1. What order do you get for 49-56, 120-127, 23-30, 90-97 when each peptide is scored by the mean count of other beta carbon atoms within 10 Å, highest first?
2. If you place +1 on the Cβ of every Lys and Arg and -1 on the Cβ of every Asp and Glu, how big does the dipole about the Cα centre of the range 19-83 come out, in debye to the nearest 20?
3. Tell me, what ³J(HN,Hα) does each residue in the range 13-20 have, in order and in whole Hz, if you take phi through Karplus 6.51 cos²θ - 1.76 cosθ + 1.60 with θ = phi - 60° and put x for Gly and Pro?
4. Along the Cα→Cβ direction, 7 angstrom out, place labels at ARG128 and ALA92. What is the inter-label distance in nm?
5. How far is it, in nm, from the label point at GLU10 to the one at GLN110 when both lie 7 Å from their Cα along the line to the Cβ?
6. Pull up all non-local amide H partners of ILE125: gap of 5 or more, or a different chain, and H-to-H distance under 5 Å with H placed in the peptide plane.
Amino acid sequence: MIDQRILPAEFRYIGFDSACAVAEGIKSMVVRGAPAIGVAAAYGVALEALRLIGEPLNSFTQGLELGFKKLSESRPTAVNLSWALSRDRVAANGDVANKIGTYTLAVLAQRHAIPFYVAVPLSTIDRRALKVGLVFL
């Protein structure tokens with residue numbers, strides 16, 4: 001991962017070999033931002049699975065469960081790491097709130113009469129909010 005603690009002065013990759021190591025990287029803020037943290041956690045699960053190859057099924061399963069636990073505890077301020085900690089919200093009518101970078105693209109798409117779609121995980125859809133003004137971030 002790119003060590004975001006030293007940007008922009010330096011650019012350095014840090015390698016990880018297990019879920020616990022990735023969890024420590026998340027905890028020490030090597031990686032920042034909800035989407036990047038979610039991807040890092042998924043990467044940690046994959047690394048843990050690779051690390052446990054060859055173990056008996058019971059040990060493999062227990063090892064993965066421990067890895068999940070360590071990763072989910074790595075960011076105490078996050079509500080739900082399994083949904084990539086996203087604060088983006090989509091209202092029931094399709095209004096999008098807090099989607100960084102979408103405003104400029106949406107304006108350009110509208111100006112050129114191009115349909116504009118935002119892909120989001122289901123966790124960001126707030127069916128209780130009828131429109132964006134009623135979305136709680």
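Read-outs: derived from the displayed coordinates by stated rules, not from any lab. None of these values were measured; they are calculated from a predicted model. For neighbour counting, all protein chains shown are included, and Cβ atoms are generated from backbone atoms with ideal geometry for every residue, glycine included.
1. Final packing ranking: 23-30, 90-97, 120-127, 49-56.
2. Numbers: 6 positive and 5 negative charges, 45 e Å.
Here the range 19-83 has a charge dipole of around 220 debye.
3. 8, 10, x, 10, 10, 7, 5, 5
4. It is 1.2 nm.
5. Calculated label separation equals 4.5 nm.
6. Amide H neighbours of ILE125, under 5 Å, 5+ apart: VAL90.
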